[in-house]
1. Relative contact order of the stretch 217-336, please, whole-number percent, based on alpha carbon pairs below 8 angstrom and at least 6 residues apart.
2. Bin width 20 Å, alpha-carbon pairs only: give the P(r) of the chain as whole percents, running from 0 to the bin holding the largest distance.
3. Could you list the square roots of 5 times each eigenvalue of the Cα gyration tensor of the stretch 217-336, that is, the equivalent ellipsoid semi-axes, sorted largest first and rounded to whole Å?
4. Using alpha carbons only, how many angstrom separate the centre of the stretch 32-52 from the centre of the stretch 301-320?
5. Just how large is the dipole of the chain about the Cα centre, in debye to the nearest 20, putting +1 at every Lys and Arg Cβ and -1 at every Asp and Glu Cβ?
6. Please order Lys448, Lys425 by the number of other Cβ within 10 Å, starting at the fewest.
7. Taking the number of other C-beta atoms within 10 Å as the exposure measure, put Leu279, Leu416 in order starting with the fewest.
8. Work out the charge dipole of the stretch 314-363 with +1 on the Cβ of Lys and Arg and -1 on the Cβ of Asp and Glu about the Cα centre, then indicate which of Ala315, Ala327, Leu342 is farthest towards its positive end.
Amino acid sequence: MRGDLLSDPVEGLDEALAVVDAFDEALVAGLLRPGPAQAAGVSGLAGAVAGTPLAARVAEAAEKAAAGTGGEDHFVALAAARNALLGSVHDALVQRIDESVGRPGTGEEAAGPEPVAAAPEEAANLLAAARSWLCDLARGGWRGLDHELVAGAAPVVAAMLPEPGMRRRAALLDGFAAELAASCPGATLERVPVRRWADLWSRALLLTVPGSAGAGAVGTVTGRLLPLGVDVQEHATAVQAQVHAVLEPAGGGAPRLVRASVSAPKPDTVVGAGLWQLLRPRMSLLGAVGEGRSAEVEAMPVTAEGDLLWDDALARTGEPADAFATARVMLSAATAARVEPLDRHPVRIAVPVLLEGYAAREGEDGLAFEVAGRLLAVDTDRMPAAGPLTPEAVAASHACVGLLRWDAGKFLLQPLAVETTVRKKTVAVHAGAWAGGTSDKAGVRAEKAATDAVAVLRERAGRLLRT
């Protein structure tokens, strides 16, 4: 890996983010009666896309919004321009990663099935209702939040949830509204999460455009799946495990980077290794990962972005497969699927990479790897408690498979697995090593505690239902 490419500035990136920041600040006070600073932030967005097909529509939207007369179509246009700018930042950063690791591009030339046209959407009235609420938010601004304004999302979410095709939007709106409600009244907030709320607002607004939810599975794949590692994302009421892997297509062809995800609701008392009890029954691949084996898939559905829609009936556990051997032999040649327009955002960057021959450095800003004379920050906070991988193991390692991310203006490495030396022997430590079960004492204790907690909760739930 060329560490210099990851630390050198990306041309135009700071300017693009500055335009986004200025527009996001305009949403803080709202666009009902915009002041000069807000008008400038909106106009800057129009100027940034002046040379694109969005130019005329966004220029009109910016003019109306700056005058306080913006309508729904105008706010959608502004959200599209903001998304396009962040998409350009995403593309520039991914290109820099590809150049750094010498991997085939992940843009239009990337492997994967061709997208298909989305089917006409039903329940257009629900999309219109959601759009109306989101536009009211933009007019009132984050400082103008009150419970009455936020409560306008409740009937929309309630009407969306019974519709399978609307649940993605409903989940986003529900979570966004809950976050806003917890922050009411906006006028008393000490700190506004400006970028986060603008991200949620613009994404939700663009998802109200008919056809924006995508076409779902657009193809199938057959071949050998070689896991690289597991990324665990935990919330108080939900958990998700995402397996990153290389797919070796049956019959030959270039290897491909793919993902397989499984999620489950959870009580907040189930933590650590106990999380796997909730996830294991939903995806057999976790067992293969825990055993260090490959998986053979037959006609497994896959999205245009390389996400496998996992079905246990279409997979079987294969031969032993070492993640580091896979990374050393196949990772640099593996192509990634194209990224859908709405998903082109810097926060979505998570590129599997292999690092070797680095030196670990502990500094004021935390752990970092020195790669070719440059420091690459290591994000140990993302490592789950549901596995044996610890910051100490990462600091003592000499090889690492991880996800290269970008946050707060710099590249970060999230370790998925490391090779370290124990008693003069090379030992691999994986974040997902307990996915299929464990004999590790700490893992066994955590699983037993989770079993007891779930049993108690089930008993209480049964008692409530009986009464």
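None of the figures in this text is laboratory data; all of them are computed from the coordinates on show. It should be emphasised that the depicted structure is a prediction, and the values quoted were computed from it without experimental measurement. Neighbour counts are summed over all protein chains in view; Cβ atoms, including those assigned to glycine, are modelled from backbone coordinates with ideal geometry.
1. Working: 253 pairs, mean separation 38.9, N = 120.
It rounds to 32 percent for the stretch 217-336.
2. Calculated over all Cα pairs of the chain, the distribution is 22, 54, 24, 1 percent.
3. Details: eigenvalues 125, 46, 33 Å².
The answer is 25, 15, 13 Å, longest axis first.
4. Each part's Cα centre sits 45 Å from the other's.
5. Details: 44 positive and 57 negative charges, 230 e Å.
Charge dipole of the chain: 1100 debye, to the nearest 20.
6. With the fewest neighbours first, Lys448, Lys425 line up as Lys425, Lys448.
7. Details: Leu279 21, Leu416 28.
Going from sparsest to densest Cβ surroundings: Leu279, Leu416.
8. Result: Leu342.
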